[in-house]
Every structure is written in structure tokens, then in C-alpha cells.
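The values are calculated or read from the model by the stated rules, or taken from the named source; none is laboratory data. Just so you know, these numbers come straight off a predicted model, no measurement behind them. Glycine also receives a Cβ, built like all others from the backbone with ideal geometry; neighbour counts cover every protein chain displayed. SASA here: full protein model, heavy atoms, side chains in, ligands and nucleic acids out. Shrake-Rupley method; radii C 1.70, N 1.55, O 1.52, S 1.80 Å.
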Amino acid sequence: MQILHVEGLTKYFGGLAAVAGVDLQVEKGEILGLIGPNGAGKTTLFNLISGTYAPNAGKIFFDGTKISGMKPNAICRKGLVRTFQSCRVFPEMTVFQNVLLGALFGAPETKTWHQAAAETKEILDFVGLSEFSDTRAGSLTLANQKRVELARALATKPRLLLLDEMMAGLNPTEVGEAMELVTQIREKGITIVMIEHVMKAIMNICNRIIVLHRGQIIAEGTPAEVSTDKTVIEVYLGE
Amino acid sequence: MKIKANYKKYVIPVIAILVLVLLIALPYFAERSDSRYTIVLFKTILMFTILTLSWALFSGPTGYTSLATAAFYGVGLYTAGVLGRVLPLPVMVLCGGLASFLLAVIIGGITLRLRGIYFAIFTLSSVELIKHVLHWYEITIAGGRGRPVVRVPDTTVFYVLLGILVLLIITSYLLKRSKYGLALSSIGSCEEAAAHIGVNVVTLKVFTFALSSFFMGLAGAIMATGMVYIDCFIAFDLNYSFFPTLMAIFGGMGNIVGPIIGAVVFTYLREILITEFPYVYMFIFGTVMILTIIYLPNGLIGLAESIRRKLLGGKHADTTCRRVN
């Protein structure tokens, strides 16, 4: 079963095609890794799927419905949510308020304040942030801020989660914890697409990897296949 | 501790009700002491308080600095000029608010995709645009500049303004406590993230902008009745855009009390300065504003907070969430 289907997706910035005719399928329940050198178009691809930008060409289908051209808030309420590469929590709000906002506004069905607050508590427990519930989000460590962003995304009850470099800037212990968390999220039945530079994470938890270079997909396969692929090695290490 | 916390909860409502009672009784005392000026002064104070608080209703949490206040206030004034003789007072005032609401939906729809300084400039230009289009219309098509306004006794105007202010305070309070209040702050904090977790940022911004303009329009429609004559240069005076913004900064925008205190102190200060130092009043005013922005970035309320914290000896950590503008 496909949950996301992308065909011929193209986005120009000036004369440069940041994403050039990408075709992509995401299967329900998998963890798909998206890698590639800097400037390959990974984040732009996320921006297109989540509705930040409208594509110049191509179509995006989420669970059979066309979502290209829809606003980010509408896409979120359909069950597709993303996190940001540079962490974007609401710094002057408490951790609880951050996550509560996701539960109040992002979920497909409208909730009362009480229901949303109860769910927020549950999610904070799940990601291990209960003790910071009333702390200002901006005063947390980077690793914990990233957890807040993840919790806020989870509060919108997504079926597909796009994680943009969730592990960048974390120390080895924190990376381990984050990997654990991602696996647990998948076990809840949420499909995940993740952009990542931390190879240890990508190789260990992804079922499938797609390699992007200059806006195009140059390789696709299991972690083992991709890591031995000639083109991929060339792109990363040079000829 | 629990008792103390409970008791604290009632301090502000009790003060508010006391002030309200005093204000209701004010015209009675003013009449007995035969001081018409008192009512006129309080009319001005109430008017600026309404403009400031309604400005802060939208611009406070979202961080969008609107300078279109004069447009909405002016539309209120003109509504009174056009409909004042046709409709009964309450209906006419309501029409002023609705006209401003509609105008704000249009202006907001066009300009709220802009951020920061661009939004400020566009809203400011909208005042000028309306002013000059109206002027052109009056001179070339309608033939004759300005129009007379029906007069209403000062005491009536005072009570209507007081009613509008009470309604505005209740609205601000309910909005702040609702989920939309939280969403508005998230827009001010990071609009992109807000949109991506499901907040319909466009609709929320435009609606709140229009709601705040509704109160500006109400204030304009009732204030016109004390003016005898209005034209577009009186109605769309840019000071009505600048003063509420400055007053809100002066008072502090973190809560509802800040803009109110800012407007009251500022308006009173302005009245004293105009009468006592008519030639240098703008100079003194500017100096006060610059000092406020440098030394009191959170306004008078921020100053009060820090004094209170000092007196308590820092026993309570600062856990309040305040925007840093």
C-alpha cells in the first residue's frame, strides 16, 4: 500500500532546478531515508510535499488524494506533518503549550481543550519530556528542543511524518536515543521519511534509502545496496 | 500559599470593577463641580485606551505592527458623518464598527502576506490612500469638502465609550484564554511552524485584524459626534496610527493591563504637555519614548514586574512567557 506518491515533481529557484522531475513512492509503515550531498534538494523536496512551496510541475498524492497546491495547515490536518532542519519550537511558550497547539489545531478531528491536554500529556510521556512540561521551550538543550518539535508533530496525529535532519548536532548518546524514538514511532503505525546525514542512524533504521543529487534521484535501494552503489560513492567522494 | 494564590487571582478584577464604578459615577461629580473639561479629558483617554487595546489585540501576540489604526478610526468617524442623521445612535455606532471590520478584511487580505517593516509601511500607506481617494471624491464628484456631524451630549459619548471599552476588555480576555490566543502567539513566534502544525494562519490573522478594527470603528463613530465637523484630513490623521502603537509599547504588550495603563498615562501626559509646553511638547514626548524603548523594553508593566520581583527577593523564578520584541 502506497501512502505517498510523487510524480514529476519540479521546483525552480531562478534558473536552477532544485528538484528536477522526482518520482517517489512511500509504502505504508516503512522508514524511508533520504540522503544526498548538501544542496541536493532534500529539504526542498520536503518543502514541496508539506506545502511550504507550490511545485512548478508535478503532482503529489497523499493516501490517494492530491495535495500539491494545498496549504501547509490543510496538509497537516490530512495527516502529513514535517519537522524542520533548524529547530522551530515556539521558544517563549512552555513545552506543554508547544505540543498542545499541535493537538488543538493539527489533528484531523477538532478536539476540546481537555482532550487535547490529555493527549499532550501522553505524548510528552512518550517522548520523555514530562519533567519539562512547564519549562520554556527555548531554554531546553538542542536535543530536547528537537524532541519538543517531534512531540508537537506527533500531537497532530500524523500518518506520515517527515523528519528533516532530526539528529544533526546531537551527541552519540542523544543520537542513540533519537534512533530508539524513531523506531518506536514506526511501531505505532506511523510511516516515516527522514533526511539524515548521520549515516549510523540511516543505515540502522531505514528499510529503504533514496539518494538525491542535483535535484534528481540517482540511487534507490536497501541500505546495503546503496552503500555499495558506484554512483553514490562517486557523488559523495568525487571521482 | 494556596490561599494567597487564590486571593491574588481576584486583585485585578476587583480593581477593575472599582475603577468602573468610579468612572460610571464620574459625570455626576463632574456636573456638580461644573467642570466640562473633566469629561472631555476622559473621553480622550477612553478613546485612546480603546484604540491602544484593540491595536494590541492583534499586533501584540502576532508581532505584525499595523499602522492602519487611523484608517479604521477614520472610517468610524465618516460613518457617523454619513449616517449620523439617518440612524439611531447605537445602530450608527455599530455600522461604524462593521464598516471598519469589512475594510480590515480587505486591507488584511491584501497586506497580511507581508511581514515586518513591509507590513507596517503598507498599512501606513493604506491610511494615506483612503484619505486621498476620499478627498478626491469629495472635491470632484460630491462637490464640497468635509461634512457636519450630528451632536450628542458629552456624557452620552462618555458612557458609550465606556461600554465599548468594557466589551473590548472582555473580548481581549476571552481571546487570550482561548486556543486562538495561543495560536496567535505561535504566529508571532514562528509563523511557518504554526502553519505546518495545522494553524490556519491566513484566516486567523485576517479575522483577528478585522476584530481589532471593529472596535476602532466603534470608537470612531461615537467620537465623531463630539466634533461638529469632519473632513478627511481630520478623520484620517496619521497620529491616530502612531499614538496607539507608541502607547502600547509604552505600557507593555504582555497582557491586557499594559496597553490600558500605557494609554491612560500617555494620554494624560500628552494633555499636560500640550497645555503646559505647547511648543516643545513633541520634543519631550519623543525623548520619553526613546528612553522607554531603551530602558523599559517591556513597558511600564515590565518595570512593575521587575520591581515586584526585586521586593520579593528573587524567591520566584521567572517562569512567565514574555515575548521579546
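Could you tell me the ratio Rg/Rh of region A:35-107? Both radii from Cα atoms, Rh via Kirkwood. Using only Cα positions, Rg/Rh for region A:35-107 is 1.02.
Summed for both chains, how many Å² of accessible area, to the nearest 100, are buried between B and A with a 1.4 Å probe? Present the calculation step by step, with values, prior to reporting the outcome.
Values: alone 17360 and 10980 Å², together 26180 Å².
When B and A are taken together, about 2200 Å² of accessible area is lost.
Ligands, DNA and RNA are left out, and with a 1.4 angstrom probe the accessible area of region B:35-311 is 43 Å² per residue.
In this Cβ point-charge picture (+1 for Lys and Arg, -1 for Asp and Glu), chain B has a dipole of about 1100 debye about its Cα centre.
Contact residues in region B:183-211 (at least 40 Å² less accessible area with all protein chains than alone, 1.4 Å probe): B:S189, B:E192, B:A193, B:H196, B:I197, B:G198.
With protein chains left intact and a 1.4 Å probe, residues in chain A average 42 Å² of accessible area per residue.
Only aspartates and glutamates eight or more places from A:K71 in sequence, or on another chain, were considered; those with a Cα closer than 14 Å are B:E191, B:E192.
For region A:99-134, accessible area lost to neighbouring protein chains reaches 50 Å² or more, against the chain alone with a 1.4 Å probe, at A:L101, A:F105, A:W113. Using a 1.4 angstrom probe on heavy atoms only, work out the carbon and sulfur share of the accessible area of region A:85-239 in %. Solvent-exposed carbon and sulfur of region A:85-239 make up 51 percent of the total. Accessible surface of chain B, 1.4 Å probe: 72 percent of it comes from carbon and sulfur atoms. Charge dipole of chain A (Cα centre as origin; +1 on each Lys and Arg Cβ, -1 on each Asp and Glu Cβ, all else neutral): 760 debye, rounded to the nearest 20. Taking each of B:K9/B:K179; B:K43/B:K179; B:K43/B:K310 in turn, the alpha-carbon distance tops 25 angstrom for B:K43/B:K179; B:K43/B:K310. Beyond 27 Å in Cα-Cα separation lie the following of the pairs A:K59/A:K111; A:K78/A:K188; A:K28/A:K230; A:K42/A:K121; A:K42/A:K111; A:K28/A:K59: A:K59/A:K111; A:K28/A:K230; A:K42/A:K121; A:K42/A:K111. Taking the centroid of alpha carbons for each part, region A:174-210 and region B:196-237 are 50 Å apart. Using a 10 angstrom cutoff on alpha carbons, build the Gaussian network for chain B and name the most mobile of B:V152, B:V201, B:V288. In this elastic network of chain B, the residue with the biggest mean-square fluctuation among B:V152, B:V201, B:V288 is B:V288.
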